[in-house]
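Participant: Take a look at this one; I'll ask things after.
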Amino acid sequence: MSDIRETVRERYAAAAQQMSQSCCGSGDLTRDDVFGAALYDGVDDASPAVEASLGCGVPTQVAQLAEGETVLDLGSGAGGDALISARRVGATGKVYGLDMTDEMLAQARANAAAAGVDNVEFVKGYLEDIPLPDDSVDIALSNCVINLAADKRVVLAEAARVLKPGGRIAFSDVIAADAMPEAVREDMQKWTGCIAGALTREQFERYLTEAGFTDISITPTHQVHEYAEAALINANLPG
């Protein structure tokens with residue numbers, strides 16, 4: 001797990017310094033194709049921070065955020081989704097952005113300061129060990145991040161732990177085809193590019209169920225690779 005985590009951290013630290021990179025960074029995919037800022041076209045309250053997006057979708061489109069809610073953005077990167085969420089939950093709401101990369105956290109805090117948003121807090125930590133109490137957030141978001149984690153079961157269990165009863169998730173992530181070759185899965189460059197580490201639809205549904213989620217919905221949005229597609233993922237915890 002530590003080797004995968006460090007490889008991902010190095011990749012995204014470099015991306016924070018060179019925000020023109022796409023999530024995959026392979027040269028044959030760009031933001032304008034399937035990743036990043038172009039996906040936010042038409043999102044009225046999109047923050048300028050989304051120009052630095054390395055995500056594969058727009059989870060706030062399906063999050064149904066309400067005034068006063070507490071939001072956790074898992075792998076918040078440069079802060080685009082967190083800042084959109086902060087505007088939607090208003091002054092009585094709160095947003096936490098969690099990231100393990102110092103360079104991304106610095107970028108996100110600078111973006112929040114430039115936007116004058118003060119109901120968001122960016123904290124350093126790991127998806128597998130979220131530094132928040134049990135039952136403390138209403139909704140957890142993530143954008144092309146779960147696939148980067150070495151142990152998805154632990155990540156989803158941690159998300160369930162910090163959610164309040166009746167809480168929910170709204171993720172955008174990469175879903176692997178059942179036929180993905182083992183060689184692709186073993187390629188670390190593709191892992192940090194959101195493809196090799198992806199779960200299949202059946203795995204994602206099973207792991208969410210094991211973590212206690214119900215009403216699971218996985219809606220494909222667009223193809224990102226011969227063996228993978230982006231999808232919006234919603235699920236609830238029992239109230």
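The values are calculated or read from the model by the stated rules, or taken from the named source; none is laboratory data. Since the model is a prediction, treat every value here as computed from it, not as a measurement. Neighbour counts are summed over all protein chains in view; Cβ atoms, including those assigned to glycine, are modelled from backbone coordinates with ideal geometry. Protein only, heavy atoms only, side chains kept; ligands, DNA and RNA dropped before computing areas. Shrake-Rupley method; radii C 1.70, N 1.55, O 1.52, S 1.80 Å.
Participant: Can you tell me how many residues in the range 143-177 are of a type in the set (Asp, Glu) and not in a strand (DSSP E or B)?
Facilitator: Final tally of qualifying residues: 2.
Participant: Scan (1) among the hydrophobic types (A, V, I, L, M, F, W, C); (2) at pLDDT 90 or above; (3) assigned to a loop (DSSP other than H, G, I, E, B); (4) within 14 Å of the chain's Cα centre (by Cα) for the single condition Leu54 breaks and write down its number.
Facilitator: Exception for Leu54: condition (2).
Participant: Related question: What number of residues in the range 144-203 are over 19 Å from Gly97 (Cβ atoms), among the acidic types (Asp, Glu) and modelled with pLDDT of 95 or more?
Facilitator: So the answer is 1.
Participant: Quick one: in the range 112-142, of everything that is free of Cβ contacts under 8 Å to residues at least 24 places away in the same chain and part of a loop (DSSP other than H, G, I, E, B), which residue is least open to solvent (accessible area, probe 1.4 Å)?
Facilitator: Checked the range 112-142; the qualifying residue least open to solvent (accessible area, probe 1.4 Å) is Gly116.
Participant: Continuing with this model, one more query. Which ones in the range 165-174 are open to solvent by 10 Å² or more (accessible area, probe 1.4 Å) and either within 14 Å of Asn234 (Cα to Cα) or free of Cβ contacts under 8 Å to residues at least 40 places away in the same chain (or both)?
Facilitator: Gly166, Arg168
Participant: If you go through the range 91-111, how many residues are more than 18 Å from Val137 (Cβ to Cβ) and open to solvent by less than 20 Å² (accessible area, probe 1.4 Å)?
Facilitator: Total meeting the criteria: 3.
Participant: Do we have Ser136 as farther than 19 Å from Gly80 by Cα and hydroxyl-bearing (Ser, Thr, Tyr) here?
Facilitator: It is true that Ser136 is farther than 19 Å from Gly80 by Cα and hydroxyl-bearing (Ser, Thr, Tyr).
Participant: Of the residues in the range 208-226, how many are surrounded by fewer than 19 Cβ atoms within 10 Å (Cβ to Cβ) and either in contact with a helix residue (DSSP H, G or I) (Cβ under 6 Å, 6 or more places away or on another chain) or aliphatic (A, V, I, L, M) (or both)?
Facilitator: Here the count works out to 3.
Participant: Can you tell me which of Arg88, Arg9, Arg5 is open to solvent by 40 Å² or more (accessible area, probe 1.4 Å), more than 17 Å from Asp173 (Cα to Cα), among the basic types (Lys, Arg) and at pLDDT below 55?
Facilitator: Residue meeting the stated conditions: Arg9.
Participant: Does any residue of the range 182-190 turn out to be under 16 Å from the mean Cα position of the chain (by Cα), under 29 Å from Ala38 (Cβ atoms), surrounded by fewer than 19 Cβ atoms within 10 Å (Cβ to Cβ) and touching a residue at least 40 places away in the same chain (Cβ under 8 Å)?
Facilitator: no
Participant: Looking only at the range 55-75, count how many residues are open to solvent by 10 Å² or more (accessible area, probe 1.4 Å) and closer than 21 Å to Tyr126 by Cβ.
Facilitator: Within the range 55-75, residues that are open to solvent by 10 Å² or more (accessible area, probe 1.4 Å) and closer than 21 Å to Tyr126 by Cβ number 2.
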